[in-house]
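The values are calculated or read from the model by the stated rules, or taken from the named source; none is laboratory data. Here the structure is a predicted model, which is why all the values come from computation and not from measurement. Counting neighbours? That spans all protein chains shown, and the Cβs are built from the backbone with ideal geometry, glycine included. The protein model used for the area step is the full one, side chains on, heavy atoms only, and it has no ligands, DNA or RNA in it. Shrake-Rupley method; radii C 1.70, N 1.55, O 1.52, S 1.80 Å.
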Protein chains: 2
Amino acid sequence: MACYAERRRRLIAQLSDLPVILANGWERLRNPSNTFNFRGESHVIYLAGQLPPGAFLTLHNGEVRIYLEPVSVEDAVWSGPGESWSVLANLHEASLHPLSELSEYIAAVGAEKWASLPVQDPRAQNYLCQLLKRTPDCHGDERDRRLAEALVECRLINDNFSIGELRSAGYLSVEAHLAGMRAIRAGKDECDVLAAMMRVLNRAGASVSFAPIITMSGERLHQPHVGGTLQDGALLLIDFGAENAAGWAGDITNTWPVAGKFTREQRAVFDIVTKAYHECVAMLKPGVRYLDVHMRAAEILTAGLMDLGILRGTVSELIERDAHAFFFPHGIGHLMGLDVHDMEDLGDIAGYQKGRARSKRFGLNCLRLDRDLREGMVLTIEPGLYFIPELLDDPQIRSSYSDCIDWEKVELYRGVRGIRFERDHLITAGGSECLTPGLPADAAEIEALMAQR
Amino acid sequence: MACYAERRRRLIAQLSDLPVILANGWERLRNPSNTFNFRGESHVIYLAGQLPPGAFLTLHNGEVRIYLEPVSVEDAVWSGPGESWSVLANLHEASLHPLSELSEYIAAVGAEKWASLPVQDPRAQNYLCQLLKRTPDCHGDERDRRLAEALVECRLINDNFSIGELRSAGYLSVEAHLAGMRAIRAGKDECDVLAAMMRVLNRAGASVSFAPIITMSGERLHQPHVGGTLQDGALLLIDFGAENAAGWAGDITNTWPVAGKFTREQRAVFDIVTKAYHECVAMLKPGVRYLDVHMRAAEILTAGLMDLGILRGTVSELIERDAHAFFFPHGIGHLMGLDVHDMEDLGDIAGYQKGRARSKRFGLNCLRLDRDLREGMVLTIEPGLYFIPELLDDPQIRSSYSDCIDWEKVELYRGVRGIRFERDHLITAGGSECLTPGLPADAAEIEALMAQR
């Protein structure tokens, strides 16, 4: 896999002689002999591939090292000998060393000289801080910041290898959504749909890129609970993405009518959402500012809600007052890569380019990305409209917005609950390529496809 | 659910006025907005049911409190409002309090007076230690030890509620194994079998009690990797258990011939393993020492290997020299409950009764349980025979045991790789009840069942 050496070359070119150490993390324990599924740190996967729990990656002086706990005979009896270190060295394009020798290497270079990044696993984070003679939570000095920015610059612009992986994760996600759609029947359970979707991933040796959202409560943006009897007349919102076997993410949202046909109100809201999606996608190309894509979605959704009689006034005035955000409280999308919100472990360094910061304004405060688009970026476009009781029933909101929100009209559409429509896009030289193709693009296509179930 | 109050009554009866605090743990983060599936601490589930991430449970002065982070409006917009605290109070038979008030309560009672148990989630462990004014890793003083022993005494003897849950987890595990068996076909992949099994669990809103072992490399006791083309002539070892929606575990191992028929060598080894299983089960009843069950398995397996010509000598002499343990290096089973190795988070306090300690001897060092059996205990019986290269090819073992192991005969059976047979049993007044019924009990039944695929 020539990709690792090339990625590291691109990284190191930005860092000159700054030595780098990254932790892969250990498994989370249920108890000492029962561990949860392991997923290594994305930065490590990006630079060296999938390494075992407890691995550390160093880049220094043109040398790439992986430090690992060697497999004992007892380990081999229980879990097999694993690949030999010579095979691993070849696979990961690095030299392999026992973890017990890492501290010596760190000290020889000088503990204070290394740049590193925080790691989610607290055990690995502690280990790293001890190695580097830092107090915990000490990440974020000038060195670490340089490393984070350089790595963001690399991961932001996908190479051919990562595009291939994202396509594979996208296709798997599509296949899972189609299997889920086919499992939808009134009287079945949301769990049956989950089971049909997971079957696709499990057969491919894949898993999910985030906890599945499969819910008739589509007004809950990230409803954590799956389970409930599917009812004719309801919509089933499915926000579900595969993580392929190599660790790369897909992320798709469909909102399916359980009956296979939308009601008049559902269809009216759905058409607004898909219109926003298609207009946003038409904007995608290098140089476009993502905030402008978000604002275009806001305009279309606002205009649509005006057509329904829910909002009153002018589009610009309604957006100025954040009236649309009660129905569209999240951002139009986010970066995609090894993680579904790619590189959010680094905060907003990846999502917001230098000189830009996340707004505190309601609606905009959930926008995860505001960069000028560049060729090779992968991101989602995911407009939605929601009727959220906690917002719509707030007495203060009701009175402050009584001039521009028709609360009686809201009641007409409240039963629609929530609709979101999401696909993944690669920014290309001339526009964008959908990485999750083959799914219906509007309400008519959905009804036609579901009629064939 | 009257079970929680009764369980707490049984616990507190052993502790008199010792105040108790237990942490449920937080989710593990992938990044701040992407969490892995949450599974609370088993002790908390046992005493109060499934609580949200970040919950703490206190028992003091006849009062049961649950401390929780309240749901903000923003949380509600993203994940729904959750159940109201009055519903939760009723469900968990406790009063609910905001987490921000926990430290005050702890201090009012006296931080040094509380007993607690270590928790796997490092964030919760840190939080707990700060609350109790302890240094990390400080668990294990006299108070904590009393709590651990009292809780073990409660959880060891299952009440009617937990037996019901274990039956449900057992049945689900059986259903999954049958679905897996039906998916076995030469040319398919191990992942197809996993997918068929997971589908059963996902449809039931259940998950796994440990990382599935589905492998043609049955000689690896806990082969972590699933994936590989199924081949006629191979055995597929499946060690797989459900965790039902309430959090209780099942644990079953089957070893299926991919072709639906065993080869002569596979059948010969399989028959020895199932004979050991049935003889061990026949021993189960209150008062029997579990070590004796293990040793009975060792005898039958040794005698069987002698019949095959692999071992030479007398059964007792071979066992005395640990010769059998090269082929049966693990224990005959373990406790089962909310965890698949129940309460192993407490070390050997649960598995080994007072006055007994784990042996350091090869084979016996992996025995997870040595108690006199009591009515209401749930445990596994899981004999196995393995041909493990790392042991069989060790030059020192080969020469030391050349008088009693026929290394040429070993080669005849090496291709069998590994066979394990495991079921879950509840100790009853008169013997035991299999909690995982409905699966074939020997090689002939397996072949008959697989012929119907």
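Which percent, to the nearest 5, of DSSP beta bridges fully inside region A:31-167 are antiparallel?
The answer is about 60 percent antiparallel.
Peptides A:12-19, A:223-230, ordered by how many other C-beta atoms sit within 10 Å of their residues on average, highest first, read A:223-230, A:12-19. Legend: helices of chain B (whole DSSP H runs) are marked when their alpha-carbon atoms reach 15 angstrom or more along the helix axis and their mean Kyte-Doolittle hydropathy is at least 0.0; marked are B:160-183, B:190-203, B:290-307. The residues of region B:279-335 expose on average 34 square angstrom of accessible surface per residue, using a 1.4 Å probe on protein heavy atoms. Annotation: Cα Rg of region B:157-205 relative to the compact-globule expectation 2.2 N^0.38 Å equals 1.41.
Given axes a ≥ b ≥ c from the Cα gyration tensor, I'd like to know whether region B:187-273 is rounded (a/c under 1.5), prolate (a/b larger than b/c) or oblate. Prolate, since a/c reaches 1.5 and a/b exceeds b/c. Averaged over the residues of peptide A:217-226, the number of Cβ atoms from other protein chains lying within 10 Å of each residue's Cβ is 4.
When the alpha carbon gyration tensor of chain B is reduced to an equivalent ellipsoid, the three semi-axes, largest first, read 43, 25, 19 Å.
In terms of the Cα gyration tensor, with a ≥ b ≥ c the square roots of its eigenvalues, is region A:226-314 rounded because a/c is under 1.5, prolate because a/b exceeds b/c, or oblate?
In terms of gyration-tensor shape, oblate.
Just how many % of Cα pairs in region B:384-434 lie over 19 Å apart, if you round to the nearest whole percent? When every Cα pair of region B:384-434 is considered, 47 percent fall beyond 19 Å. Please state, as a whole number in µm²/s, the translational diffusion coefficient that the Stokes-Einstein equation yields for region A:23-103 at 10 °C and 1.306 mPa s, with Rh defined as the Kirkwood radius across alpha carbon pairs. Result for D is 118 µm²/s.
With label points defined 7 Å past Cα in the direction of Cβ, position A:TRP85 shows copy-to-copy spacings of 5.7 nm, given to one decimal and shortest first. Note on region B:322-386 and region B:210-235: Cα centroid distance 23 Å, given to the nearest whole angstrom.
Accessible-area loss of 50 Å² or more (1.4 Å probe, protein heavy atoms, chain alone versus all protein chains) is found in region A:197-212 for A:ASN202, A:ARG203.
Rounded to the nearest 5, what % of DSSP beta bridges with both residues in chain A are antiparallel?
Of all bridge pairs located within chain A, approximately 85 percent are antiparallel.
Sorted from nearest, the other copies put their B:ASP372 label points 8.1 nm away, the label point being 7 Å from Cα in the direction of Cβ. Per-residue packing, averaged as other Cβ atoms within 10 Å, sorts the ranges B:167-177, A:406-416, A:370-380 into the order B:167-177, A:370-380, A:406-416, beginning with the highest. Per-peptide packing, taken as the mean over residues of other Cβ atoms within 10 Å, places A:95-108, B:288-301 in the sequence B:288-301, A:95-108 from highest down. Using a 1.4 angstrom probe on protein heavy atoms only, the contact between A and B buries about 4600 square angstrom of accessible area, both sides summed. Sorted from shortest to longest, the distances between the A:ALA282 label points of this copy and the other copies are 8.0 nm, with each point 7 Å from Cα along the line through the beta carbon. Relative contact order for region B:349-404: 24 percent, from Cα pairs under 8 Å spaced at least 6 residues apart, divided by residue count.
Taking every DSSP beta bridge that has both residues in the protein assembly as shown, what percent is antiparallel when rounded to the nearest 5? Antiparallel bridges make up about 85 percent of those DSSP assigns within the protein assembly as shown.
For region A:1-138, divide the Cα radius of gyration by the Kirkwood radius and give the resulting Rg/Rh value with two decimals. Result for region A:1-138 is an Rg/Rh of 0.95. Chain A residue nearest the rotation axis toward B, with distance: A:PRO122, 2 (Cβ to axis, whole Å).
I need the shape label for region A:338-442. Rule: rounded when a/c is under 1.5, else prolate if a/b > b/c, else oblate, with a, b, c from the alpha carbon gyration tensor.
Because a/c hits 1.5 or more and a/b fails to exceed b/c, region A:338-442 counts as oblate.
Shielding of peptide B:187-194 by partners, expressed as the average count of other chain Cβ atoms within 10 Å per residue Cβ, is 3. Shown here are the Rg and Dmax of the Cα trace of region A:190-344, at 17.2, 52 Å. For region A:355-412, carbon and sulfur atoms together expose 47% of the accessible surface, with a 1.4 angstrom probe and every protein chain in place. With a cut-off of 8 Å between alpha carbons and a minimum separation of six or more residues, what is the relative contact order of chain B in percent? Once normalised by length, the contact order is 14 percent.
Taking every alpha-carbon pair within the protein assembly as shown, the share separated by more than 41 Å comes to 43 percent. Scaling the Cα radius of gyration of region A:51-90 by the globular reference 2.2 N^0.38 Å produces a ratio of 1.33.
When the other protein chains are added to the chain by itself, burial of at least 40 square angstrom of heavy-atom accessible area (probe 1.4 Å, ligands and nucleic acids ignored) affects these residues of region A:58-98: A:VAL77, A:TRP78, A:SER79.
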